[in-house]
Every structure is written in structure tokens, then in C-alpha cells.
1. So who's got an amide H within less than 5 Å of the one on residue 553, skipping anything under 5 residues away but keeping other chains? H placed 1.01 Å off N, in plane.
2. Rounded, prolate or oblate: which fits segment 233-322, taking a ≥ b ≥ c as square roots of the Cα gyration tensor eigenvalues, rounded meaning a/c under 1.5, else prolate when a/b beats b/c?
3. Within the chain, which is the longest segment that contains none of the trypsin sites (Lys or Arg not before Pro) sitting in a DSSP loop with at most 11 other Cβ atoms within 10 Å?
4. Using a probe radius of 1.4 Å on heavy atoms only, what accessible surface per residue do you get for segment 233-276? Whole Å² is fine.
5. Any chance you could give the angle, 0 to 90 degrees and rounded to 10, that helix 124-137 forms with the longest Cα principal axis of the chain?
6. Is segment 246-382 rounded, prolate or oblate when judged by the Cα gyration tensor, a ≥ b ≥ c being the square roots of its eigenvalues, rounded requiring a/c under 1.5 and prolate requiring a/b larger than b/c?
7. Whole Å is fine, so just give me how far the alpha carbon centre of segment 59-98 lies from that of segment 238-264.
8. Stretched out fully, how many nm does the piece from residue 112 to residue 269 gain, at 0.36 nm a residue minus the Cα gap?
Amino acid sequence: MISKRHFLQASLSAAALVGASGFGNWGRLAAQQRLSQSDLLDQPTTGNVTLIHITDIHAQTQPIWFREPEINLGVGDAQGKPPHVSGAAFRDMFGIAQGSALDYALTYDDVVALGQTYGKICGLDRIATVVKHIKGDREDAIVLDGGDTWQGPLPALRTNGADMVRLFNALGTDAMTSHWEFTLGIDRVTEIVENELNFPFLGANIFDATWDEPAYESTQMFERGGTKVAVIGQAFPYLPIANPSHMFPDLSFGVRQERIQQVVNDARAAGAECVVLLSHNGFDVDRKVAQNVTGIDVILTGHTHDAIPEPVQVGDTFLIASGSHGKFVSRVDLDIRDGGMQGIEHRLIPIFSDVIAPDPEMAALVEDTRAPFKDEMAEVLGQTEDMLYRRGNFNGTWDDLICKALLQEREADIALSPGFRWGASVMPGQDITREDVFNATAMSYPNAYRSEMTGEMLHLILEDVADNLFNPDPYYQQGGDMVRVGGMGYRIDISQPQGSRITDMTLLKTGEAIAADKSYVVSGWASVNEGTEGPPIWDVVEAYIRNQGTVSVPENTTIAVVAG
């Protein structure tokens, strides 16, 4: 067991940023705009095992803009706890100076103004520089990919993930788990795993649905620093609910808490002195796993795109949240001896693209994967007056724009856009390119349907999605953020039980209340139903932007939120 004193020491060095006044010299340098690569990467190497964690990159290889969520509400035991804090409350919790580089990287406040100071973030060639630097300190560091890697922008869509497989092979990845990978279809996943991937594809909770037996390897054992480290893969548990099950019809998923415990016990029996869960459960699910499963030292969490600058301790387990889209890389140094983990030090490294030099070898590979599509992606479709961003529990301006496009181009009363968390931001006044649109829409089931739904059906849909997000039991939180709605307003009280959260549904163009027995023309996209017809969403959005020339997406005030 790690003593409280040791954890305090570890958290003081978490991200190697914390000092007596919060984030110490690193933060002061950042605030003074004198941040260097060595400030970000240099730290004393401790312990005898190093983990490098990247997750939810969603095939983003380029430096991008990315706005963190303004609203990230927690319910039940998670209310008010990381990651369910944002803005000023987040800064206060972690001692981050307003206007600093960490403020820019980790919160939404003043992201437009601070972006002019600190520049774009991300870039796989910069990540490669970070990985090589860490391996220069500890050659046998274990590089772990938390999944949502093969799905994303236009090159990944056109190559069926081959670009990202090639790039993560070159990165020196040691193991991965999965979620959106399965939306390429089971045949393509099998082809990659068996013929293209240079490292294990782990999923302890993925079973053959017919024979009820494991479909993939659960664990990879590593011998490092004179000890054995077991890495257990945990894929997204709710794939058949959140994504089209017809794309992987013979597989079943689930949290499978008993299975996790069994695999942990097996790893310990095989001599592992450290057990790492490489997870795509989502942070709140992983917090409950840590409470209920014994023997896990570290959970490298993913799916919910949270970036937290310090480990979150639950009993004897430490949760590490490494963000998304390549904004961050986590370095975790472990002291493993005397039969167990005796210490942990963590650094959440923000990938400031103007500070970290690109690795030439990875830069050349990235350029090669993008070259066939470069001219197509660069075409300018229009401009935006407002920042386009995706994250937030209830809406983001990218989805407001998508809903506007669906309403106009598909001649609908109401538009629905799924609560996906992925997609880069676009700064106000910036050109909107085809690459920008694909960053926010590229996926394997993009058809924009047009159908009729009753008010009762619309209410059921909103209630169902709200329960996936706000059920107080994390094991019933099964999706992304709230479905985005255009043409209709509503009120949501997240403290109410399912069936009673959504009220005051209003058709915006008339101001009339949505009637349960009346039908409305609804357009949406990304239906999980097989055989959905309609143009791909990127064509719908491109047509709208071209027709508008310059788009404006003002603040959305059509959703009234009661947070309990």
C-alpha cells in the first residue's frame, strides 16, 4: 500500500509542474511566454518502470486548435470531483494561473485570445519527439495507446485506418485497446490486427457472442526494471449501444467487473508486481472499477477525453487522464519493488506545437499519409465569424452549425446531431476548409436521414440519451455527451430520474410546445440502424457553408439546464 505521504510527494511532482504556489517554475515560465521544450520534457527519472500514455487521438496528426468544455457536469458521487470541473473552478482546484499556458491547455476561458499567445497544440510528429525524449531517459518505457486511434479525419476515413496503424507502429507502441476502431467493421479490424499491427490489441471484456469466450488477448506482460508489469486491455463496454452493432455482430462487450478481477488475479498469480488497466471505460466508470476491483495499481483511463494534471487516487489505485486529440502525453514513473508499487510520479505533458520540435522521421511519415488528399483537404469552403468547437455536455458550435445545415439543406423542422466528443476547433475569422469539416464528421456511418417523428418519440430519445449521460450509477453511463438539437428548445433537470428530466420542449420556429401526438420532420445523422439512407453529413455541411459564404453561430440559449 502506498502511504498518504508518498502520494502527496507524488502529486507534488505530478506533471512535474507543482510547486509551493501551484505549478511552480513551469507555470511561471509559461505565463511569461518563455516556455521551452526542456521545460516541458526534462525531469528526473524515478523508479524503475515508465509508462507513456496516449489516448483518444481520433486520427489527428496535425497541430490544431482545441477548446476544452465549458460544461462538464458530474452526478452522484462524481459531482464536483475531477473531471467534472471546468473554467475557474478547475484553475482553483489545481492552482493554475489564469492566462498561463496550462490555463490555455486545460480550460475553455479566453481560448481565442490565449491561442494567439501560445499557438496550436497537438501534432503526431511532436508526440514522437516526446516519446523519443522519454525513451532517452528510460529506453524500455512502455508506450500504451488507449484507443479511438483509427477513426478521424479524411485520411483515416479514406484509408480505413491504415494511415494511423502505420504511424502508431512507427511510434513504437507496445499495446492498445479500442472503441471506434470497431466502426471500421469487424473484417477490417481483423485484417489490421492479424496483418498490419505490430503490437497487441487487448480487450479483456470483448467476448465471442456465440461461444461466450474471450475474443482477444486480455493481457500483455512486460519485464521492465527487474520486475513484471501486466497491462490489461479494457475496450469501450457499450459499443453495441453507442455504435452500430451490425458492424461487429458476433461480439459482446460490457464492463464485466468480475472478468476484470479474474484477469487481475491471473496476472498477479503469473508474477506481476504491477498491474495496469489500459482502459476505454470513461473516467467515472473507471473510478467505480477502482473502488470495486482489487489489485490494480494504475488505470490509464480514456473515452471521456478528460485531461487532469494530477493522478486521482481511489484506494490503492491511481487514475491517469491524458486528454484527447494528441493534446497531451502522460509520463508515469513507477517504483516497483518488494512485491508491489511503492511510488508513482506523473507528468501531463501538453503538446504545444510551437514549443516542441517535430521529429523529422515522423513528420515525413505523416506527410506521406496525407499527400494523396492534401489538395482536396485544403479547399476553402467559407469562413466563420465565431469559434467552432465541439465539447460540452449539451451543445457546441460545431454541432449547432451541423444542425443549421440539416434544418436548411434537408428541409426539416428539427435536427439531431450526436454528442460526439471528437473534432478539432476552428478559430473565429478563419477559413473553413474541407479538412475542417471532415475533422468534425468523418466516420463510417455518416448518412443524413430525413424522417418523421412524433413529439413522444423525440421526448423518448432525449430522455434515453440523458440517462446515458446522467445516470448516477456510472455503469449505466453508456454514451457521449447529450444529443445536440436544432430547431427545438427544451429544459433538462439532471437530478431527476429517467423519464422526468426533459420538459418544456418547444418548436423554435413557431414557439409552440412540442405535442406528443404530432409528427415533425426530423433530420439527423450517424444512426446506428442498418440501412439508413441519405447523403453523407459532410456533403450536407459543405453545401450549407458554401451557400452561406460566412457562417455565424451565436451562443445557443435554447437549452435550460438545472444542475440539481
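The values are calculated or read from the model by the stated rules, or taken from the named source; none is laboratory data. Since this is a predicted model, take the numbers as computed values, not measurements. A quick note on method: Cβ atoms are made from the backbone with ideal geometry, for glycine too, and the neighbour counts reach across all protein chains shown. In case anyone asks, the SASA skips ligands and DNA or RNA and just uses the protein heavy atoms, side chains included. Shrake-Rupley method; radii C 1.70, N 1.55, O 1.52, S 1.80 Å.
1. Counting only residues 5 or more places away or on other chains, the set is 385, 386.
2. Since a/c reaches 1.5 but b/c is at least a/b, the shape of segment 233-322 is classed as oblate.
3. Numbers: sites that count: 34, 509.
Free of exposed loop sites, the longest segment is 35-508.
4. Numbers: 1560 Å² over 44 residues.
Averaged over the residues of segment 233-276, the accessible area is 35 Å².
5. 10 degrees
6. On the way: a/c = 2.33, a/b = 1.62, b/c = 1.43.
It comes out prolate by the Cα gyration axes.
7. 28 Å
8. Numbers: separation 157, 0.36 × 157 = 56.52 nm, distance 5.21 nm.
Contour length minus Cα-Cα distance gives 51.3 nm.
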